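The values are calculated or read from the model by the stated rules, or taken from the named source; none is laboratory data. Because the structure is predicted, anything quoted here is derived from the model rather than measured. Here the Cβ positions follow ideal geometry from the backbone for every residue, glycine too, while neighbour counts run over all protein chains shown. Please note that ligands, DNA and RNA were not included when accessible areas were found on the heavy atoms of the full protein model with its side chains. Shrake-Rupley method; radii C 1.70, N 1.55, O 1.52, S 1.80 Å.
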Amino acid sequence: MNSISSLVATTVLDTGVALGPVVTFLPPELGSRLQFGWTISVHILFASLSIGLAPFIIYFTWKDVRQGGKRYARLREFWVAIFAIGFVMGTVTGIPMSFQFGTNFPVFSEVAGELIGGPLAFEAKMAFFLEAVFLGVLLFGRERVSDRTYVLSSVLVGVGAWLSGFWILVVNAWMQTPQGFELVERNGRTVAQLTDPVAAFLTPRFPWMFTHMMNAAVIAVALGVAGISAYFLWSNRDAVEWATALRLAIVILLISAPFQAIHGDAYARHVEDTQPQKFAAMEAHYDTGQADLHLIAIPASPDALLDPRAENLWTISLPGIGSYLASGGDADAEVLGLNEYEEIPPVALVFWAFRFMVGLGFLFIGLALWGGKLLWRGTLTESDRFLQAMMLASPLGFAAMLTGWYVTEIGRQPWVIQGTLRTEEAVSTSLTSGEVTITLVGFVVLYLALIGAFIYVLASLIEGERTRLADDESGHDSVWESLPVVSSDD
């Protein structure tokens, strides 16, 4: 990625007129990358919320229909409300990305349109509409449809959310390991022509990426459910519905967190086979030869943050384990270093993001085992320290998922389509620095406002539920009454 130090230099407009010591407009490529990166970073939070909540909603709906009573009905209503709000936010934040293909990366759209157009259309028509229609049934149909139809609607909402992730990851996996096409000349431009739809849709990267991403979403939401449940139990230890939600979240974490580590280990070997530059950047491995594994890496100087190398890091490393992981069992295996390549990704961003993600992953395993031990002893809701830990950890799953996404996307640079199209070649040639900088600022401000609105609504729902738990006579029969805009007091 280009240096951002130019932001504090003298501004020169596209007309060549100097404006003095003010903020500099970003180069079109850097501005476009930052804009799309910011947009998808926010969108992926809401998309993963839908994906991760789907299993919880299906379970709570099924138990509500099967057993009746207030406990599962309350859990279903609360989490469906959050799902619906996240769905709206995901829609609002996701639509601009398709336009950015045309405004910022039109060359990419022209070159890859025949390969990515189908999956993106399937995502909208097959997944989004399915999710939207049956979410309406979940929200308004409890007393209007049969129990069987209502449970089926929860399943179809979940299927829609996971189908959406499926088709989006089909596109991204193809960009990582493209196949099923040939380059042809069309209207004076070299473009990718689809030759094998099955190969293009089911690339070598897809099963790894789909499994890892879906499981990451489940982990993130399970931590969120556990954290919110812990908050309610902290306020009221007799909240049996939230003890139920906490137990379910811990059981899911006990399965998903260790699986993510095991799967991630195998996934890293696949990355080394298909994108060796990315793997080398993940380990800051510069010299070809045996690779160590840095369990802990601390910058020895400020320069090490921007250029992490063995000689400028304080590390706790396992000799040869990097080679062992890359080769699948040979601690002496040779691993190509970054010095072997003319162009490499921004190493510091990939290296530190990878460590942040992995470190959080082991923290999640520890929390899951701690919770599992308390669950086994029957004291899950009695440990103050555990409840506090889960409240603090509730947003960390989304942080880990974002940094993992950064490793995936930044580690592919300088390619937007690996080995086929460079990012700099995909950017619009008519886009000016002023345009890209102004629109980037606009997107940042708008999306921060959307995040703030979501947090406000989420906090209102949580506070309404806490009030209900404190006083069952508070009159909050529906979670929606917790929102000021729909309060019965109006």
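Provide a single number: the residues in segment 181-207 that are open to solvent by 90 Å² or more (accessible area, probe 1.4 Å) and touching a residue at least 60 places away in the same chain (Cβ under 8 Å). Break it down stepwise before answering.
Kept after step one, since they are open to solvent by 90 Å² or more (accessible area, probe 1.4 Å), are these residues of segment 181-207: 183, 185-187, 198, 202.
The next check asks that each one be touching a residue at least 60 places away in the same chain (Cβ under 8 Å); those that pass are 183.
Number of matching residues: 1.
Every condition in (1) assigned to a helix (DSSP H, G or I); (2) touching a Pro at 6+ places or on another chain (Cβ under 6 Å) is met by S428 except one, and the failing one is (1).
In this entry, Y286 passes the filter for residues that are more than 16 Å from L380 (Cβ to Cβ) and in a loop (DSSP other than H, G, I, E, B).
The residues of segment 119-151 that are without any contact (Cβ under 8 Å) to a residue 40 or more places away in the chain and surrounded by 16 or more Cβ atoms within 10 Å (Cβ to Cβ), listed by number, are F128, L130, F134, V137, R142.
A quick yes/no check of all residues on (1) open to solvent by less than 30 Å² (accessible area, probe 1.4 Å); (2) at pLDDT below 95; (3) over 23 Å from V444 (Cα atoms); (4) not in a helix (DSSP H, G or I):
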{"residue": "G31", "(1), (2), (3), (4)": "yes, yes, no, no"}
{"residue": "F36", "(1), (2), (3), (4)": "no, yes, no, no"}
{"residue": "L49", "(1), (2), (3), (4)": "yes, no, no, no"}
{"residue": "A54", "(1), (2), (3), (4)": "yes, no, yes, no"}
{"residue": "I57", "(1), (2), (3), (4)": "yes, no, yes, no"}
{"residue": "A73", "(1), (2), (3), (4)": "yes, yes, yes, no"}
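Working only within segment 80-102, note down all residues that are open to solvent by 50 Å² or more (accessible area, probe 1.4 Å) and within 27 Å of D64 (Cα to Cα). Listed by number, the list holds a single entry, V88.
Restrict the check to segment 326-339 and report whether at least one residue is of a type in the set (V, I, T) and crowded, with 20+ Cβ neighbours inside 10 Å. Give the steps one after another, and end with the answer.
Initially, segment 326-339 is screened for residues of a type in the set (V, I, T), giving 335.
Within this subset, residues satisfying the condition of being crowded, with 20+ Cβ neighbours inside 10 Å are 335.
Yes, there is a match, as at least one residue in segment 326-339 is of a type in the set (V, I, T) and crowded, with 20+ Cβ neighbours inside 10 Å.
The residues of segment 422-448 that are open to solvent by 60 Å² or more (accessible area, probe 1.4 Å) and not β-branched (V, I, T), listed by number, are E424, E425, S430, E435, L446, L448. Can you work out which of the residues in segment 293-322 that are touching a His at 6+ places or on another chain (Cβ under 8 Å) and of a type outside the set (S, T, N, Q) is nearest to T177 (Cα to Cα)? Selected residue: G322.
For segment 417-425, does any single residue satisfy the condition of being more than 27 Å from N215 (Cα to Cα), in contact (Cβ under 8 Å) with a residue 40 or more places away in the chain and aliphatic (A, V, I, L, M)? Break it down into steps so the answer makes sense when it comes.
So in segment 417-425, the residues more than 27 Å from N215 (Cα to Cα) come out as 419-425.
Next, from what is left, pick out any that are in contact (Cβ under 8 Å) with a residue 40 or more places away in the chain: 419-421, 423-425.
In the following step, the residues that additionally are aliphatic (A, V, I, L, M) were identified as 421.
Scanning segment 417-425, I find at least one residue that is more than 27 Å from N215 (Cα to Cα), in contact (Cβ under 8 Å) with a residue 40 or more places away in the chain and aliphatic (A, V, I, L, M), so the answer is yes.
Note on segment 308-325: among residues that are hydrophobic (A, V, I, L, M, F, W, C) and open to solvent by 90 Å² or more (accessible area, probe 1.4 Å), the one that is modelled with the highest pLDDT is W314.
Give me the residue from segment 208-267 that is charged (D, E, K, R) and within 20 Å of R466 (Cα to Cα) and, out of that set, surrounded by the most Cβ atoms within 10 Å (Cβ to Cβ).
We begin by selecting, within segment 208-267, every residue charged (D, E, K, R); these are 237-238, 241, 247, 265.
Checking which are within 20 Å of R466 (Cα to Cα) leaves us with 237-238, 241, 247.
Numbers: R237: 13, D238: 9, E241: 20, R247: 17.
The selected residue is E241.
The residues of segment 366-378 that are in contact with a helix residue (DSSP H, G or I) (Cβ under 8 Å, 6 or more places away or on another chain) and either open to solvent by 30 Å² or more (accessible area, probe 1.4 Å) or on the phi > 0 side of the Ramachandran plot (or both), listed by number, are L369, W370, L375. Checking each residue in segment 388-421 for being surrounded by fewer than 18 Cβ atoms within 10 Å (Cβ to Cβ) and either touching a strand residue (DSSP E or B) at 6+ places or on another chain (Cβ under 6 Å) or among the hydrophobic types (A, V, I, L, M, F, W, C) (or both) picks out M391, L392, A399, P414.
State yes or no: is T381 open to solvent by less than 40 Å² (accessible area, probe 1.4 Å) and touching a Lys or Arg at 6+ places or on another chain (Cβ under 7 Å)? Yes. Exactly one residue out of V65, V107 is surrounded by 18 or more Cβ atoms within 10 Å (Cβ to Cβ), in contact with a strand residue (DSSP E or B) (Cβ under 9 Å, 6 or more places away or on another chain) and touching a residue at least 12 places away in the same chain (Cβ under 8 Å): that is V107.
Among the residues of segment 139-194, the one identified as in a strand (DSSP E or B), in contact with a Leu (Cβ under 8 Å, 6 or more places away or on another chain) and either at pLDDT below 90 or within 30 Å of L75 (Cβ to Cβ) (or both) is T190.
Do you know which residues across segment 271-282 are open to solvent by 20 Å² or more (accessible area, probe 1.4 Å) and over 22 Å from I296 (Cβ atoms)? First the steps, then the outcome.
Kept after step one, since they are open to solvent by 20 Å² or more (accessible area, probe 1.4 Å), are these residues of segment 271-282: 272-274, 276-277.
Result: D273, T274, P276, Q277.
Here F279 meets each of (1) farther than 23 Å from T177 by Cβ; (2) part of a helix (DSSP H, G or I) with one exception, condition (1). For segment 34-49, the condition of being among the β-branched types (V, I, T), free of Cβ contacts under 8 Å to residues at least 40 places away in the same chain and over 24 Å from V225 (Cβ atoms) holds for none of the residues. With respect to the conditions (1) in a strand (DSSP E or B); (2) surrounded by 19 or more Cβ atoms within 10 Å (Cβ to Cβ), A353 falls short on a single one, namely (1).
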